[in-house]
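To start, the structure itself, in structure tokens.
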Ligand SMILES: Cc1cc2nc3c(=O)[nH]c(=O)nc-3n(C[C@H](O)[C@H](O)[C@H](O)COP(=O)(O)O)c2cc1C
């Protein structure tokens with residue numbers, strides 16, 4: 001696939017096979033993230049490539065328990081309402097049982113923290129598509145990035161005192177008949193453009 005084709009055919013995958021992802025492919029994906037541009041060339045993104053099922057299980061538990069404590073309000077962002085609703089029912093796996101979750105942190109007092117992380121995540125999702133893997137941008141750890149219990153756990157995994165999580169990306173083989181991710185181009189109905 002060339003770059004433009006990889007961009008146009010990248011779609012979110014939310015159903016994954018349990019099949020592990022080869023280390024070689026993961027390394028290529030993470031390198032794509034590390035090669036993303038960063039504001040002022042800061043390169044302060046911090047990547048946690050999690051394929052340990054115990055660690056993933058713990059994160060899923062902590063996320064569910066944090067959302068379950070939150071008040072469900074109509075004025076909240078829709079996806080956040082969904083996370084709270086499902087967590088309160090005890091039925092929430094924020095990363096869709098993907099075999100790999102790459103969590104990306106950055107310095108909490110750096111103005112481009114989320115922008116740098118988002119650039120890295122997009123690069124990783126494009127690399128995943130190129131390598132026939134499905135991926136999905138996962139925002140829940142960003143919503144909960146000041147939750148004390150999650151922070152303590154993430155610090156035990158290597159998160160530094162001055163860092164917070166700004167995004168994560170679920171990666172794995174898509175649970176489709178072919179094992180390939182859905183690559184149907186989705187029509188653009190927004191994202192206005194003015195040529196001046
Ligand atoms: C900033 C951002 C946050 C997102 N957060 C989530 C998320 O937490 N969970 C999820 O399933 N998808 C998430 N997505 C994926 C979007 O829902 C998805 O990209 C969008 O619906 C378009 O579908 P497509 O990726 O198949 O083109 C997020 C995407 C972005 C850019």
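Return yes or no: is residue 139 within 15 Å of residue 63 (Cβ to Cβ), touching a helix residue (DSSP H, G or I) at 6+ places or on another chain (Cβ under 9 Å) and free of Cβ contacts under 8 Å to residues at least 24 places away in the same chain?
So residue 139 does not fit the description; no.
This table checks each residue for (1) within 22 Å of residue 56 (Cα to Cα); (2) at pLDDT 95 or above; (3) within 16 Å of the chain's Cα centre (by Cα).
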position	(1), (2), (3)
149	yes, yes, no
152	yes, yes, no
156	yes, yes, no
164	yes, yes, yes
168	yes, yes, yes
187	no, yes, no
192	no, yes, no
196	no, yes, no
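Among 5, 22, 31, which is the only one that is surrounded by fewer than 18 Cβ atoms within 10 Å (Cβ to Cβ), within 16 Å of the ligand (Cβ to nearest atom) and farther than 24 Å from residue 156 by Cβ?
5
Is it true that some residue in the range 67-75 is modelled with pLDDT of 95 or more and closer than 15 Å to residue 101 by Cβ?
no
Looking at the range 159-169 only, could you name the residues that are touching a residue at least 40 places away in the same chain (Cβ under 8 Å) and either in contact with a helix residue (DSSP H, G or I) (Cβ under 7 Å, 6 or more places away or on another chain) or away from the ligand (no atom under 16 Å from the Cβ) (or both)?
Within the range 159-169, 159, 160, 162, 163, 165, 166, 167, 168, 169 qualify.
Listed residues 45, 41; which is closer than 20 Å to residue 166 by Cα, exposed (fewer than 11 other Cβ atoms within 10 Å of the Cβ) and at pLDDT 95 or above?
Going through 45, 41 in turn, just one is closer than 20 Å to residue 166 by Cα, exposed (fewer than 11 other Cβ atoms within 10 Å of the Cβ) and at pLDDT 95 or above: 41.
Do any residues in the range 170-196 that are within 30 Å of residue 99 (Cα to Cα) have Cβ atoms under 6 Å from those of residues that are loosely packed, with under 10 Cβ neighbours inside 10 Å, where the two are at least six apart or on different chains, and which pairs are they?
From residues that are within 30 Å of residue 99 (Cα to Cα), there are no pairs.
Quick one: how many residues across the range 64-119 are within 13 Å of the ligand (Cβ to nearest atom), free of Cβ contacts under 8 Å to residues at least 40 places away in the same chain and not in a helix (DSSP H, G or I)?
3
Among all residue pairs at least 6 apart or on different chains, which show Cβ distances below 6 Å where the first residue, located in the range 4-22, is farther than 12 Å from residue 127 by Cα and part of a strand (DSSP E or B) and the second is within 11 Å of the ligand (Cβ to nearest atom) and modelled with pLDDT of 95 or more?
Every condition considered, the pairs that remain are 12/136; 16/98.
The values are calculated or read from the model by the stated rules, or taken from the named source; none is laboratory data. Note that the coordinates shown come from a computational prediction; the quantities given were computed from them, not determined experimentally. Here Cβ is always computed from backbone atoms with ideal geometry, including for glycine, and neighbour counts include all displayed protein chains.
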